[in-house]
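Colleague: Below is a structure I'd like to ask you about.
A short reminder: the numbers here are calculations on the coordinates, not readings from a lab. Because the structure is a prediction, the values reported are computed rather than measured. Glycine gets a Cβ as well: all are built from the backbone with ideal geometry, and neighbour counts include every protein chain shown.
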Amino acid sequence: MSPPSNGVLPGLPGPDDTFAQEGVALIHERSSVVPELAIVLGSGLGDAVANDIEPEREFSYRTLPGFPPSSVPGHAGRLIMGGLHGVPAAVFLGRVHFYEGHGIGAATLIPRLAAALGAKTLLLTNASGGLRPSLKRGRLMLIEDHLNFLGANPLAGWRFPDGQPAFVGLGAAYDRDLLALAEAAAQAEGLDVARGVYVALPGPSFETPAETRFLAKAGADAVGMSTVPEAVAAVALGLRVLAISCITNAAGSEDTHEQVLAAAREATLRLRALIGRIVPQLTGRGGDEIVGRGGGGGEAGQAP
Ligand code: HPA
């Protein structure tokens, strides 16, 4: 079978679908929340917000247009519309991973829905393996840049309204102001938070020792299987992105998925404190500040 012209397999979420608009229509029927913030809680990290949400409505991903059923234990797959630390928010508990096999387009559904709902900022969290000796289990790392080793680009097939491919600048994909804000918040909380480069691999297998050595030499500080498709799509859509990684293991170790989840749960106390400091400071930010950021940001709000 020859590949479709938009680079996306038929039937899977892609640039020509209307899932984001359909999702907004469905959510608006039952929720009046206009989120300023969208947040994604990755593997085992839901407790970092669980007690801080004032929920208005909850949606299972199963009921959202285009969302595949979650196949991963520990990924609840729920969207909660409500307040988070007093800020109107779309809280995504669980994400769609590339390794689930639904195509790279499925991993962009969350940022697309977030942007269509009106969010200005996307806060991404994940679990990752530390590639530097100082990035020990339980430490938090602010992602300042990434390596996309997924073998696919989430913007394949996207077009801006003028028909141009999504030539989106990623020179500052992770918003510099938000990084500074997060660093100050960490300091105020007395948290030892690192900054570093995250590399996304397709998974679901973990890295071999040779791959681990290669990734460290390539300039990565932590390795995981998520976040990058969401961050890239979010930048194309004009969202400001902040991403926080919880180091759950040393990369290349023999840890099981269950051990990674357990370590993530341990790190949630620190993550909760950090999110609690950052989120109230996001209020009133965004809007005009987004326009013109990192090439493509200006017109990007109209991308698919
Ligand atoms: N490798 C890839 N993904 C991960 C890891 C890892 O070591 N830990 C948590 N997610």
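Colleague: Order of Ile247, Ile27 from fewest to most other C-beta atoms within 10 Å? Can you show the working numbers first?
Modeller: Numbers: Ile247 28, Ile27 22.
Listing Ile247, Ile27 from fewest to most nearby Cβ atoms yields Ile27, Ile247.
Colleague: Taking θ as phi - 60°, what are the ³J(HN,Hα) couplings along the stretch 84-90 by the Karplus curve (6.51, -1.76, 1.60), each to the nearest whole Hz, with x for Gly and Pro?
Modeller: These are the phi-based 3J(HN,Hα) values: 10, 6, x, 9, x, 9, 9 Hz.
Colleague: Tell me, Tyr198, Tyr99 in order of fewest to most beta-carbon neighbours within 10 Å?
Modeller: Values: Tyr198 28, Tyr99 17.
Listing Tyr198, Tyr99 from fewest to most nearby Cβ atoms yields Tyr99, Tyr198.
Colleague: Calculated FRET efficiency, Glu56 and Glu189, Cβ-Cβ r, R0 30 Å, to nearest 0.05?
Modeller: Values: r = 28 Å, r/R0 = 0.93.
The pair Glu56/Glu189 has a calculated efficiency of 0.60.
Colleague: Related question: Considering the dipole of the chain built from charges on the beta carbon (Lys and Arg +1, Asp and Glu -1) around the Cα centre, which of Leu41, Leu26, His102 is farthest to its positive end?
Modeller: Checking the options against the dipole of the chain, the answer is Leu41.
Colleague: Over the chain, what is the percentage of antiparallel beta bridges among all DSSP beta bridges, to the nearest 5?
Modeller: 40
Colleague: Which distance in nm do the two modelled labels at Thr208 and Gln259 give, with both placed 7 Å along the Cα-to-Cβ direction?
Modeller: Modelled inter-label distance: 2.0 nm.
Colleague: Which loop GluC sites (Glu not before Pro) in the stretch 184-288, with loop taken from DSSP, have no more than 11 other Cβ atoms within 10 angstrom of their Cβ?
Modeller: On the way: sites: Glu189, Glu207, Glu211, Glu230, Glu254, Glu258, Glu266; in loops: Glu207, Glu254.
Those that pass, being in a loop and sparsely packed, are Glu254.
Colleague: To the nearest 20 debye, what charge dipole does the stretch 125-217 have about its Cα centre, counting +1 at the Cβ of each Lys and Arg and -1 at the Cβ of each Asp and Glu?
Modeller: Working: 9 positive and 10 negative charges, 76 e Å.
With Lys and Arg at +1 and Asp and Glu at -1, about 360 debye.
Colleague: Grab the eigenvalues of the alpha-carbon gyration tensor for the stretch 182-234, scale each by 5, take roots, and send me the semi-axes largest first in whole angstrom. Present the calculation step by step, with values, prior to reporting the outcome.
Modeller: Values: eigenvalues 127, 49, 18 Å².
Working through the eigenvalues yields semi-axes of 25, 16, 9 Å.
Colleague: Compute, for the chain, the length of the dipole vector about the Cα centre, with Cβ point charges of +1 (Lys, Arg) and -1 (Asp, Glu) only. Units Debye, rounded to 20. Kindly include the intermediate steps, with their values, before the conclusion.
Modeller: Values: 23 positive and 30 negative charges, 66 e Å.
In total the dipole reaches around 320 debye.
Colleague: Work out the charge dipole of the stretch 19-282 with +1 on the Cβ of Lys and Arg and -1 on the Cβ of Asp and Glu about the Cα centre, then indicate which of Asn51, Val87, Tyr174 is farthest towards its positive end.
Modeller: Tyr174
Colleague: Quick one: grab the alpha carbon gyration tensor of the stretch 19-282, order the square roots of its eigenvalues as a ≥ b ≥ c, and give me rounded if a/c is under 1.5, else prolate or oblate depending on whether a/b is larger than b/c.
Modeller: Numbers: a/c = 1.44, a/b = 1.21, b/c = 1.19.
Taking the square roots of the gyration eigenvalues as a ≥ b ≥ c, the stretch 19-282 is rounded.
Colleague: Assuming R0 = 41 Å, what is the FRET efficiency of Asp47 and Arg176, from their Cβ-Cβ distance, to the nearest 0.05? Before the final figure, lay out the partial values.
Modeller: Numbers: r = 29 Å, r/R0 = 0.71.
The calculated FRET efficiency here is 0.90.
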